[in-house]
1. Which of the numbered conditions does N166 fail, given that it passes all the others? Conditions: (1) under 23 Å from F105 (Cβ atoms); (2) touching a helix residue (DSSP H, G or I) at 6+ places or on another chain (Cβ under 7 Å); (3) modelled with pLDDT under 85.
2. Look through the range 122-136, keep the residues that are part of a helix (DSSP H, G or I) and open to solvent by less than 70 Å² (accessible area, probe 1.4 Å), and return whichever of them is modelled with the lowest pLDDT.
3. Which of (1) surrounded by 15 or more Cβ atoms within 10 Å (Cβ to Cβ); (2) over 26 Å from S96 (Cβ atoms) is the odd one out, the single condition I165 does not satisfy?
Amino acid sequence: MILWIAGLQTIGCTIDVIIFMTKQINGIEAPENIPRCINNCYNLESFWRNWHASFTKWLVRYMYIPLGGTQTKLLNVWVILTFVAVWHDLEWKLLSWAWLTCIVFIPEMIVKSTTNTLKVLSFEFLLASFYTMNFHELSAVDGAITITCLMVANLVGFVIGSSGINWLLYKFLQKEGLPTLGGMFITFYVGTK
């Protein structure tokens, strides 16, 4: 699993270097494609904002905003990630990847909405102190859950396919798989904290 993450980072950096060299040779001024290390993105919104930033900028400009922007964010995420899956290739496993990623996006949107509500109400001393004490812990838990869910979505979308979801859940949720799942979660929690 660690090798998979390192490989993903290496591929991203290699692609970025190739694009940078091509821009320099041709004198093209293009935006940086991965402006922030993806290992430092602990929520989906931050990850997608920094992963293939030029493509994301195109998606925001020509799909997200015309579809209603933040007013219809939940629907837009489904439409756009489905488009991204079809853009890569029309396969069930890529559609499964897109839809699993959308499912992971739902709790994050709920948590962000709740957090924003708490920020508005945080002028009250008790709520403000509770919010400050627990924000970092909740952020670390959210980051660990997000990373774990993204890894599962990527395993389904790019390795085992939609037919392997039941097998994956069975392996992780049985007695022998729970320590692995718990170890992953704790590692990601400590890493995001």
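The values are calculated or read from the model by the stated rules, or taken from the named source; none is laboratory data. As the structure is a prediction and not an experimental result, all values here were calculated from the model. Every residue, glycine among them, receives a Cβ derived from its backbone with ideal geometry; neighbour counts consider all protein chains shown. Just so you know, the surface numbers come from the protein's heavy atoms only, side chains and all, with ligands and any DNA or RNA stripped out. Shrake-Rupley method; radii C 1.70, N 1.55, O 1.52, S 1.80 Å.
1. Going through the list (1) under 23 Å from F105 (Cβ atoms); (2) touching a helix residue (DSSP H, G or I) at 6+ places or on another chain (Cβ under 7 Å); (3) modelled with pLDDT under 85, N166 breaks only (2).
2. Only one residue tops the list, namely L127.
3. (2)
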